[in-house]
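Only one structure is covered here, and it is reproduced in the block below.
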Ligand SMILES: [Zn+2]
């Protein structure tokens, strides 16, 4: 049930036919894991907290550095040196006291991910590291959890949704294989703050659509954003029957 304060707080999205009270209740009863509380994870966490996603799990083992503040808007200058999950947890609980926010500062591994994913409905990949992305994809596929993936570097961004419960949906490995060149991250190549804000906002939007059950999620589509020309492009992405992560699912 939603109390009067919640009905008022979420009234502008409850007003939308495709959300309504039923959709709001689905948001309240859902659990979302956000991996990475940096440039992408900041808007994801803020928007999902504000929208009333009932339980947010924040995973990041890093502490806040002054060079993060140009784009990682969930954090504050006063939190320099603090664990990002703790800084974000404080901010999100201040934003919305009706939700629960769990902070996970342990590294996510192939060993601890399966257990964590059991209770999660949707996973949002906001990391900037190909190895962790691949690990997360494999764990999500094994646990049959939807993965909302975003990335941004320099002036280029991309978003897609991988749904193991949809036979048409590729997984992250189907699309990106064993790797682009390893290692180049925002800290080395640079990135624009509003671009990660845009990509993170698109990720948050996909999560709301998937949980509340409206619209057309970015499944089988990879959305590319070119910040320099302000152009959006969409690529069809298909399941690879030979994929070593999801290829033998019906085998
Ligand atoms: Zn695959």
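For this structure, a couple of remarks:
- Entry note, segment 149-251: relative contact order of 38 percent, from Cα contacts under 8 Å with a spacing of 6+ residues.
- Order of 47, 57 under a 10 Å beta carbon neighbour criterion, fewest first: 47, 57
- With each label modelled as a point 7 angstrom along the Cα→C-beta vector, the residue 238-residue 214 pair spans 3.4 nm.
- Relative contact order (%) - criterion: Cα under 8 Å, at least six apart; region: the chain: 20 percent
- Scaled against 2.2 N^0.38 Å for its residue count N, the alpha carbon radius of gyration of the chain is 0.97.
- Between residue 31 and residue 144, residue separation times 0.36 nm minus the direct Cα-Cα distance comes to 39.2 nm.
- Shown for 248, 123, 101: other C-beta atoms within 10 Å of each C-beta, ranked fewest to most, produce the order 248, 101, 123.
- In this simple spin-label model, placing a label point 7 Å from the Cα along the Cα-to-Cβ direction at both residue 156 and residue 1 gives a separation of 5.3 nm.
- Unit Cα scatterers, Debye sum, segment 56-101: log10 I(q)/I(0) for q = 0.22, 0.24 Å⁻¹: -0.71, -0.82
- Cα centroid of segment 32-81 to Cα centroid of segment 1-22, whole Å: 25 Å
- Whole-Å distance, taken between Cα centres, linking segment 98-146 and segment 195-246: 18 Å
- Relative contact order (%) - criterion: Cα under 8 Å, at least six apart; region: segment 141-199: 40 percent
- Mean residue ellipticity at 222 nm, helices only, the chain: -10000 deg cm²/dmol; runs of at least 4 DSSP H residues each add -39,500 (n - 2.57), and the sum is divided by the number of residues.
- The antiparallel fraction among DSSP beta bridges confined to segment 4-249 stands at about 45%.
- Neighbour-count order for 186, 126, fewest beta carbons within 10 angstrom listed first: 186, 126
No lab work stands behind these numbers, since they all come straight from the coordinates. It should be emphasised that the depicted structure is a prediction, and the values quoted were computed from it without experimental measurement. Neighbour counts are summed over all protein chains in view; Cβ atoms, including those assigned to glycine, are modelled from backbone coordinates with ideal geometry.
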